[in-house]
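**Student:** Structure in structure tokens, see below.
The values are calculated or read from the model by the stated rules, or taken from the named source; none is laboratory data. If you're wondering where the values come from, they're calculated on a predicted model, not measured in any experiment. Note that we place each Cβ from the backbone using ideal geometry, even for glycine, and neighbour counts take in every protein chain shown. What goes into the accessible areas is simple: the full protein's heavy atoms, side chains included, and nothing from ligands, DNA or RNA. Shrake-Rupley method; radii C 1.70, N 1.55, O 1.52, S 1.80 Å.
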Amino acid sequence: METLNVKAYGTKAADAPLKQMNIERREVTAKDIEIEILYCGVCHSDLHTARNDWGGTIYPAVPGHEIVGKVTRVGKEVKKLKVGDSAAVGCLVGSCRECDSCKHDLEQYCQGGMIGTYNGPDKHSGGHTFGGYSEKIVVDEHFVLKVPSNLDLAATAPLLCAGITTWSPLKHWKVGKGSKVAVVGLGGLGHMAIKLAKGLGADVTLFSRTPDKKKDGLELGADKVIISTDTIQMYSVRGKFDLIIDTVPCVHDINPYVSTLKLSGTLVLVGYLGPLDPFLNSVPMILGRKSVAGSLIGGIAETQEMLDFCGKNNIVSDIEIISMHDINEAYERMLKSDVRYRFVIDMASLKK
Ligand code: NAP
Ligand code: ZN
């Protein structure tokens, strides 16, 4: 099979820094779209994968699943987009398209296993997929999204993961006017959760550990900010929320947040993956019919719906543009919660 050799940035081991490398992309087939990548957002999942935090990373690993660019070539059966159009790719580049989940536009829960934009099984090469920290990507048109023309391209990139991962639970739990929503953690996902919940008409509270993010939380649209380390402030919101979206990337005590749910409220974990520590106390859950749930990114139709909603409501991410060559430093800053509120790589820097 013919391949394209493209420049990328990736790592060869969990403890090695990311550096420039070359990777192979497949040639464009009938239903494929080739995209020149202009911007790629930096998600905490990129760092988890590069450093093998979840186990299972295959090296070399090229992260990046918040991709925005321009269509440079299309296969002969492609209908969705044409050369020169703006295009986006999120966390998914494949799924079986036949199972119950796929038939219901829930490709992220494909029963055959969804194919992640990076570190997923690549049925074309027989190897694994490489993400958006690169010059170009070739993707089946089903998994390519259209970008609303009024949105800034760089600031749109984070919608492809941070946006859809918070939009999907907001929609699933039917958030709208009058809903009381709380968001835990003000990072990439957290700041998008505030903007989207506000856009849907909810009353939004931010829980943050970081007192100096209070002003930003309010400016981003939160109606209230609670410093989660302050027990008096935490007590003041007991029994208040219909839905809490918890974006914290590492193990933490979720019991204090469960206490802030209303009767029948739900706390959705989207950040931390793994066993809870300390244990989850079932008493408030049983006495208040509360739920603790999880949610994974979103399907392709839902991602397009979110992008169109953002187009109509002028919602984009608050970003700091970085050069590809600064990615290792950006990861260190992300570990210190020093991102306001998403790094986006200007991919032109890879050509320099
Ligand atoms: P991020 O930008 O680094 O933000 C995480 C925020 O969590 C931080 O800004 C901080 O906010 C808070 N935080 C960090 N460490 C904490 C700690 N030890 N205790 C309490 N709070 C802490 O990360 P992100 O890109 O938003 O990603 C968040 C998580 O979601 C990652 O684990 C990522 O892998 C995961 N993720 C999941 C999905 C999914 O489909 N479910 C999709 C994408 C990403 P404050 O300073 O305000 O406390
Ligand atoms: Zn992500």
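**Student:** Pull out all pairs, ordered by first then second residue, where Cβ-Cβ is under 6 Å, the residues are six or more apart or on different chains, the first lies in the range 76-95 and is outside any strand (DSSP E or B), and the second is small (Gly, Ala, Ser).
**Tutor:** Within 6 Å, the pairs are LYS76/ALA30; GLU77/ALA30; LEU81/ALA87.
**Student:** Just checking, how many residues over the range 160-181 are within 12 Å of ligand 1 (Cβ to nearest atom) and not in a loop (DSSP other than H, G, I, E, B)?
**Tutor:** As a first pass, look at the range 160-181 and keep what is within 12 Å of ligand 1 (Cβ to nearest atom): 160-169.
The next check asks that each one be not in a loop (DSSP other than H, G, I, E, B); those that pass are 160, 162-169.
Residues in the range 160-181 being within 12 Å of ligand 1 (Cβ to nearest atom) and not in a loop (DSSP other than H, G, I, E, B): 9 in total.
**Student:** I'd like to know if the range 186-201 contains one or more residues that are more than 22 Å from TYR331 (Cα to Cα) and within 9 Å of ligand 1 (Cβ to nearest atom).
**Tutor:** There is no residue in the range 186-201 that is more than 22 Å from TYR331 (Cα to Cα) and within 9 Å of ligand 1 (Cβ to nearest atom).
**Student:** Let me ask you something else. Count, please, the residues in the range 323-352 that happen to be open to solvent by 20 Å² or more (accessible area, probe 1.4 Å), touching a residue at least 60 places away in the same chain (Cβ under 8 Å) and assigned to a strand (DSSP E or B).
**Tutor:** Summing the residues that are open to solvent by 20 Å² or more (accessible area, probe 1.4 Å), touching a residue at least 60 places away in the same chain (Cβ under 8 Å) and assigned to a strand (DSSP E or B) in the range 323-352 gives 1.
**Student:** I'm trying to understand the selection: among the residues of the range 236-265, which are open to solvent by 10 Å² or more (accessible area, probe 1.4 Å), outside any strand (DSSP E or B) and either of a type outside the set (D, E, K, R) or at positive phi (or both)?
**Tutor:** Filtering the range 236-265 down to residues open to solvent by 10 Å² or more (accessible area, probe 1.4 Å) leaves 236, 238-240, 242, 247-253, 255-257, 259, 262-264.
Now restrict to residues that are outside any strand (DSSP E or B): 236, 238-240, 247-253, 255-257, 259.
Of everything in the range 236-265, those that are open to solvent by 10 Å² or more (accessible area, probe 1.4 Å), outside any strand (DSSP E or B) and either of a type outside the set (D, E, K, R) or at positive phi (or both) turn out to be SER236, GLY239, THR247, VAL248, PRO249, CYS250, VAL251, HIS252, ASN255, PRO256, TYR257, SER259.
Residues checked against (1) more than 22 Å from LEU296 (Cα to Cα); (2) touching a helix residue (DSSP H, G or I) at 6+ places or on another chain (Cβ under 9 Å); (3) basic (Lys, Arg):
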residue: LEU206; (1), (2), (3): no, yes, no
residue: ARG209; (1), (2), (3): yes, no, yes
residue: ASP212; (1), (2), (3): yes, no, no
residue: GLU219; (1), (2), (3): yes, no, no
residue: ILE232; (1), (2), (3): yes, no, no
residue: ILE244; (1), (2), (3): no, yes, no
residue: ASN255; (1), (2), (3): no, yes, no
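**Student:** Report every pair of residues separated by at least 6 positions or lying on different chains whose Cβ atoms are under 8 Å apart, first residue within the range 269-283 and touching a residue at least 24 places away in the same chain (Cβ under 8 Å) and part of a strand (DSSP E or B), second within 16 Å of ligand 2 (Cβ to nearest atom) and open to solvent by less than 60 Å² (accessible area, probe 1.4 Å).
**Tutor:** Qualifying pairs under 8 Å: LEU269/ASP246; LEU269/GLY294; LEU269/SER295.
**Student:** For the range 284-312, which positions are over 26 Å from the mean Cα position of the chain (by Cα), surrounded by 13 or more Cβ atoms within 10 Å (Cβ to Cβ) and either hydrophobic (A, V, I, L, M, F, W, C) or assigned to a helix (DSSP H, G or I) (or both)?
**Tutor:** PRO284, MET285, listed by residue number.
**Student:** Filter the range 4-19 down to the residues that are crowded, with 16+ Cβ neighbours inside 10 Å and part of a loop (DSSP other than H, G, I, E, B) and list them by number.
**Tutor:** Result: LEU18, single match.
**Student:** Test THR57 against the criterion of being within 16 Å of ligand 1 (Cβ to nearest atom), assigned to a loop (DSSP other than H, G, I, E, B) and within 21 Å of GLY188 (Cβ to Cβ), and give yes or no.
**Tutor:** In short, yes.
**Student:** Here's a follow-up. What tally of residues in the range 4-52 results from selecting those that are within 16 Å of ligand 2 (Cβ to nearest atom) and at pLDDT below 95?
**Tutor:** So the count comes out to 0.
**Student:** How many of the residues in the range 30-58 are without any contact (Cβ under 8 Å) to a residue 60 or more places away in the chain and over 22 Å from the mean Cα position of the chain (by Cα)?
**Tutor:** 1
**Student:** Can ILE315 be described as assigned to a helix (DSSP H, G or I) and either more than 18 Å from the chain's Cα centre (by Cα) or within 24 Å of GLY217 (Cβ to Cβ) (or both)?
**Tutor:** Numbers: assigned to a helix (DSSP H, G or I): no; either more than 18 Å from the chain's Cα centre (by Cα) or within 24 Å of GLY217 (Cβ to Cβ) (or both): yes.
Considered against the rule, which asks whether it is assigned to a helix (DSSP H, G or I) and either more than 18 Å from the chain's Cα centre (by Cα) or within 24 Å of GLY217 (Cβ to Cβ) (or both), ILE315 comes out as no.
**Student:** Is at least one residue of the range 185-196 within 16 Å of ligand 2 (Cβ to nearest atom) and in contact with a Pro (Cβ under 7 Å, 6 or more places away or on another chain)?
**Tutor:** Yes - at least one qualifying residue is present in the range 185-196.
**Student:** Counting just the residues of the range 212-224 that are more than 9 Å from ligand 1 (Cβ to nearest atom) and within 21 Å of ILE254 (Cβ to Cβ), which one comes out farthest from the chain's Cα centre (by Cα)?
**Tutor:** LYS224
Every residue, every condition in (1) farther than 21 Å from LEU296 by Cα; (2) more than 18 Å from the chain's Cα centre (by Cα), yes or no:
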residue	(1), (2)
THR72	yes, yes
VAL78	yes, yes
ALA87	yes, no
GLU98	no, yes
GLN111	no, yes
THR129	no, no
GLY132	no, no
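**Student:** I'd like the residue in the range 162-182 that is open to solvent by less than 10 Å² (accessible area, probe 1.4 Å) and either more than 16 Å from ligand 2 (Cβ to nearest atom) or free of Cβ contacts under 8 Å to residues at least 60 places away in the same chain (or both) and, out of all such residues, is farthest from PRO211 (Cα to Cα).
**Tutor:** Within the range 162-182, the match that is farthest from PRO211 (Cα to Cα) is LEU170.
**Student:** Need pairs with beta-carbon distance below 9 Å; first residue assigned to a loop (DSSP other than H, G, I, E, B) and within the range 115-129, second among the acidic types (Asp, Glu); sequence gap 6+ or separate chains.
**Tutor:** TYR118/ASP46; SER125/GLU24; GLY127/GLU24; THR129/ASP122
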